[in-house]
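The values are calculated or read from the model by the stated rules, or taken from the named source; none is laboratory data. Predicted model only: the values in this text are computed from it and were never measured. Cβ placement follows ideal geometry from the backbone for every residue including glycine, while neighbour counts extend to all protein chains displayed. Note: areas computed on protein heavy atoms with side chains; ligands, DNA, RNA excluded. Shrake-Rupley method; radii C 1.70, N 1.55, O 1.52, S 1.80 Å.
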Amino acid sequence: MSDAAPRSPRRAPVERQRDPERTKALLLEAAKAEFGAKGYAAARVSEIAAKAGVNKQLISYYFGGKEGLYNALTATMYDDYVAASEHDKPFAEVVRFFVQSGIRDHDLAKLFLWENLTDGAPDAIGVEGQRDFLQRQVEYVRARQAAGDFPEGLDPAFLLVIFMAASSAALALPRVVRAVSGQDPNSAEFADAYGDQLALLIGHLADPKKR
């Protein structure tokens with residue numbers, strides 16, 4: 001009969017003891033900061049894992065790798081945007097939402113800019129998914145045009161581009177914002193004032209025949 005002390009049960013790695021949903025949430029939050037700061041190409045999964053406090057192998061386990069993590073993150077961004085632009089909601093309210101969301105969640109907004117500045121792979125939620133999202137937004141603008149928010153002669157697709165660009169001004173042109181307005185482009189005060197001005201501009205575009 002052996003006198004050796006019984007072995008203690010092997011402890012699971014720290015990552016395996018985590019709640020999987022919590023771990024995925026930590027990785028998504030860390031990825032948002034990393035992708036927002038550097039863009040997709042320059043972002044490093046090791047940095048994302050370190051910020052989340054987990055083993056980088058969990059990125060492959062939960063998301064299938066860097067691209068899968070990126071697509072999971074950007075899908076949440078587009079879900080929020082879709083929810084904001086319901087067809088019965090005035091366009092001025094939606095533009096105000098985009099302005100304020102860029103200030104409220106800087107990392108996600110910068111990720112959106114990086115995606116367009118680099119115009120490289122991977123395309124968020126896939127090429128077809130992104131095109132479908134944007135086409136739905138064009139249809140929303142067209143519906144608001146029919147409701148009288150804009151004159152019939154304006155192209156809904158170009159209007160969408162114009163106001164998406166305008167909504168991103170605080171992130172794309174922070175030095176210009178400081179120089180011309182004297183305000184901090186990252187502040188809630190600027191977001192409120194600028195959002196109000198864009199809403200006022202949209203109000204002036206309303207079709208006089210349908211006012």
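State yes or no: is Arg136 free of Cβ contacts under 8 Å to residues at least 24 places away in the same chain and surrounded by 13 or more Cβ atoms within 10 Å (Cβ to Cβ)? First the steps, then the outcome.
Numbers: free of Cβ contacts under 8 Å to residues at least 24 places away in the same chain: no; surrounded by 13 or more Cβ atoms within 10 Å (Cβ to Cβ): yes.
Judged against the criteria, Arg136 is not a match.
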Considering residues that are within 26 Å of Leu171 (Cβ to Cβ) and not in a helix (DSSP H, G or I), the number found within segment 16-65 is 2
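Go through segment 154-211 and count every residue that is among the polar types (S, T, N, Q), part of a helix (DSSP H, G or I) and either touching a Ser or Thr at 6+ places or on another chain (Cβ under 8 Å) or open to solvent by 50 Å² or more (accessible area, probe 1.4 Å) (or both). Don't jump to the end; show me each part of the working.
Looking only at segment 154-211, we keep the residues that are among the polar types (S, T, N, Q), and these are 167-168, 181, 183, 186-187, 197.
Narrowing the set further to residues that are part of a helix (DSSP H, G or I) leaves 167, 181, 197.
When the remaining residues are screened for being either touching a Ser or Thr at 6+ places or on another chain (Cβ under 8 Å) or open to solvent by 50 Å² or more (accessible area, probe 1.4 Å) (or both), the result is 181, 197.
Within segment 154-211, residues that are among the polar types (S, T, N, Q), part of a helix (DSSP H, G or I) and either touching a Ser or Thr at 6+ places or on another chain (Cβ under 8 Å) or open to solvent by 50 Å² or more (accessible area, probe 1.4 Å) (or both) number 2.
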Got at least one residue in segment 140-147 being in contact with a His (Cβ under 6 Å, 6 or more places away or on another chain), more than 22 Å from Thr74 (Cα to Cα) and part of a helix (DSSP H, G or I)?
-> yes
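Quick one: in segment 18-72, which of the residues that are among the acidic types (Asp, Glu) and closer than 22 Å to Leu117 by Cβ is surrounded by the fewest Cβ atoms within 10 Å (Cβ to Cβ)?
Kept after step one, since they are among the acidic types (Asp, Glu), are these residues of segment 18-72: 19, 21, 29, 34, 47, 67.
Now narrow it down to the ones that are closer than 22 Å to Leu117 by Cβ: 34, 47, 67.
Numbers: Glu34: 27, Glu47: 17, Glu67: 12.
Step by step, filter segment 18-72, then rank; the result is Glu67.
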